[in-house]
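The structure's right below; bear with me while I get my questions together.
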Amino acid sequence: MSNISFTSSAPGYWANEDIPHEDWNSAKWQLKNCVSSLADIEKHLRLCEEERAGILLTGTKLATAVTPHYFNLIDPTDPDCPIRRQVIPRIEETHTDPSEMADPCGEDSHMPVPGLVHRYPDRVLFLVTDRCASYCRYCTRSRVVSGVSDQKLETQWDMAIDYLKRTPQVRDVLLSGGDPLLFSDAKLEKLLSKLHAIPHLQFIRIGSRIPIFLPQRITPELCAMLRKFHPLFISIHTNHPKELTTEVHEALGRLADAGVMMGNQSVLLDKVNDSVEVQKELVHKLLMCRVRPYYLYQGDLIKGTAHLRTSISKGIEIIEGLRGHTSGYAIPQYVIDAPGGGGKIPINPEYIVESNDERTVLRNYEGKEFVYSESKSAPKLAPLPL
Ligand SMILES: *Cc1c(COP(=O)(O)O)cnc(C)c1O
């Protein structure tokens, strides 16, 4: 039916260790066996000097951890492997560019309650944990995520729920962190129940990379629990088509079958997904997994991430390479989360060549020009005699 294929990530580097199937397929086993020390990593990978120094020097800013499932997607010899660049630290992380900040999106200054970011009129971001299954080196919340830096996430649960109860203009709550799907089913259910009971909350969303890092967590039991809280949306985070393995495809299928609406958020990253070709394969694969591409983010100005960012013109080039060339459903909105806390701002290729009150010249995806004329006022026609 299609030339796109999904391949399994197992057993990969663990091929000689005779891991029982039940262990490999258990989220608990995956988390217990996360690859996190230099010794763990070097058991499997030949590191370059930049990586080895990075692993040793960055541990007090953002922890290193990779689930065996995700680690298996890493190319053993190529330091430019798109999977490797996302999760293996490099020495460049110790360099801070003058434009970079700890909290570029101004979240800490928009918290009416610790852990609850209220920036837009009708929706809030609720940071419910500081832990993830694996840590992305470009993490937008590395100032608090993983628990190793000086700043701690100090979410005030009761105050946050209370704020939501008495703030009726909030109709949409986005649970993030860290990764909310790391909670046990029981803990997550308790939280979702509290939110679901607030009458003015129209829907709940969860931001999670668990389906990608730890698809074993997406059990039938979790899906059965989640379906009690519709309308429920999950924003997953995928950056490269290689991440969509057989296991991930099946996990996303279980969520879709449970009626969960899914969107994908990608971050535009140097040597990871900075080409039209890679992005096109990614968005096509996402649609086959019943996930709608939602946002493509320009990299936030997080300290120590300059080596992973691309130019803005690269993002525009990618959107131009998708629009018109493939299904509209496949095209994410390219955004910049404005430094200083201005929120997400859409960035689009320019399709208007020139425009005045009467005449707009437009350019299509092939570069051909078209004129759309607007009449200044609607014509006044006499009614026809009956
Ligand atoms: C991204 C974000 C949201 C959700 O924005 P949408 O454009 O509705 O997806 C809400 N609050 C904060 C603080 C955010 O950063």
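From the list 327, 311, exactly one residue is more than 23 Å from residue 107 (Cβ to Cβ) and free of Cβ contacts under 8 Å to residues at least 12 places away in the same chain. Which is it?
Being more than 23 Å from residue 107 (Cβ to Cβ) and free of Cβ contacts under 8 Å to residues at least 12 places away in the same chain holds for just one of 327, 311, which is 311.
Only residues in the stretch 107-118 that are on the phi > 0 side of the Ramachandran plot count as the first member; pair them with residues that are within 11 Å of the ligand (Cβ to nearest atom), Cβ under 9 angstrom, at least 6 apart or cross-chain, and list the lot.
So the pair list comes out as 115/126; 115/127.
Could you grab me the full set of residues in the stretch 53-88 that are part of a loop (DSSP other than H, G, I, E, B) and closer than 19 Å to residue 178 by Cβ?
Passing the criteria: 58, 59, 60, 61, 62, 63, 64, 65, 67.
Tally time: how many residues in the stretch 271-282 are touching a residue at least 24 places away in the same chain (Cβ under 8 Å) and assigned to a helix (DSSP H, G or I)?
6
Also: Can you spot a residue in the stretch 173-184 that is under 22 Å from residue 87 (Cα atoms), of a type in the set (Ser, Thr, Tyr) and under 18 Å from the mean Cα position of the chain (by Cα)?
Taking every residue of the stretch 173-184 in turn, at least one turns out to be under 22 Å from residue 87 (Cα atoms), of a type in the set (Ser, Thr, Tyr) and under 18 Å from the mean Cα position of the chain (by Cα).
Pick from the stretch 90-118 the residues that are within 16 Å of the ligand (Cβ to nearest atom), among the charged types (D, E, K, R) and assigned to a loop (DSSP other than H, G, I, E, B): which of them is farthest from residue 142 (Cα to Cα)?
Out of the qualifying residues, it is 107.
What number goes with the only condition from (1) out of contact with any Phe, Trp or Tyr (no Cβ under 8 Å at 6 or more places or on another chain); (2) away from the ligand (no atom under 16 Å from the Cβ); (3) over 22 Å from residue 48 (Cβ atoms) that residue 69 does not pass?
(1)
Hey, does the stretch 316-334 have a residue that's within 30 Å of residue 235 (Cβ to Cβ), in a loop (DSSP other than H, G, I, E, B) and touching a Pro at 6+ places or on another chain (Cβ under 9 Å)?
Scanning the stretch 316-334, I find at least one residue that is within 30 Å of residue 235 (Cβ to Cβ), in a loop (DSSP other than H, G, I, E, B) and touching a Pro at 6+ places or on another chain (Cβ under 9 Å), so the answer is yes.
Quick one: is residue 341 within 16 Å of the ligand (Cβ to nearest atom) and either among the acidic types (Asp, Glu) or touching a strand residue (DSSP E or B) at 6+ places or on another chain (Cβ under 9 Å) (or both)?
yes
Under 6 Å by Cβ, and 6 or more places apart or on different chains, what pairs join a residue from the stretch 74-97 that is modelled with pLDDT under 95 with one that is buried (at least 20 other Cβ atoms within 10 Å of the Cβ)?
Pairs found: 76/45.
Still on this structure, please answer the following. Among (1) within 15 Å of the ligand (Cβ to nearest atom); (2) on the phi > 0 side of the Ramachandran plot; (3) not hydroxyl-bearing (Ser, Thr, Tyr), where does residue 324 come up short?
Of (1) within 15 Å of the ligand (Cβ to nearest atom); (2) on the phi > 0 side of the Ramachandran plot; (3) not hydroxyl-bearing (Ser, Thr, Tyr), only one is false for residue 324: (1).
Test each condition in (1) exposed (fewer than 11 other Cβ atoms within 10 Å of the Cβ); (2) touching a Phe, Trp or Tyr at 6+ places or on another chain (Cβ under 7 Å) for residue 364 and report the one that comes out false.
Unmet for residue 364, out of (1) exposed (fewer than 11 other Cβ atoms within 10 Å of the Cβ); (2) touching a Phe, Trp or Tyr at 6+ places or on another chain (Cβ under 7 Å): (1).
Also: What residue, among those in the stretch 119-164 that are part of a helix (DSSP H, G or I) and more than 15 Å from the ligand (Cβ to nearest atom), is surrounded by the most Cβ atoms within 10 Å (Cβ to Cβ)?
161
Testing residue 281 on (1) out of contact with any Ser or Thr (no Cβ under 7 Å at 6 or more places or on another chain); (2) closer than 27 Å to residue 95 by Cβ; (3) crowded, with 17+ Cβ neighbours inside 10 Å, one condition comes back false. Which one is that?
Residue 281 satisfies every listed condition except (2).
Considering only the stretch 285-315, state which residues are within 16 Å of the ligand (Cβ to nearest atom) and of a type in the set (Val, Ile, Thr).
291, 302, listed by residue number.
Under the condition of being surrounded by 22 or more Cβ atoms within 10 Å (Cβ to Cβ) and β-branched (Val, Ile, Thr), which residue from the stretch 59-86 is farthest from residue 215 (Cα to Cα)?
So, considering only residues that are surrounded by 22 or more Cβ atoms within 10 Å (Cβ to Cβ) and β-branched (Val, Ile, Thr), the one farthest from residue 215 (Cα to Cα) is 64.
Still on this model: Of the residues in the stretch 165-199, how many are outside any helix (DSSP H, G or I) and either within 16 Å of the ligand (Cβ to nearest atom) or touching a residue at least 12 places away in the same chain (Cβ under 8 Å) (or both)?
The number of residues fulfilling the criteria is 15.
The values are calculated or read from the model by the stated rules, or taken from the named source; none is laboratory data. Worth saying up front: this structure is predicted, and the values here are computed from it rather than measured. Backbone-built Cβ (ideal geometry, glycine too); neighbour counts: all protein chains shown.
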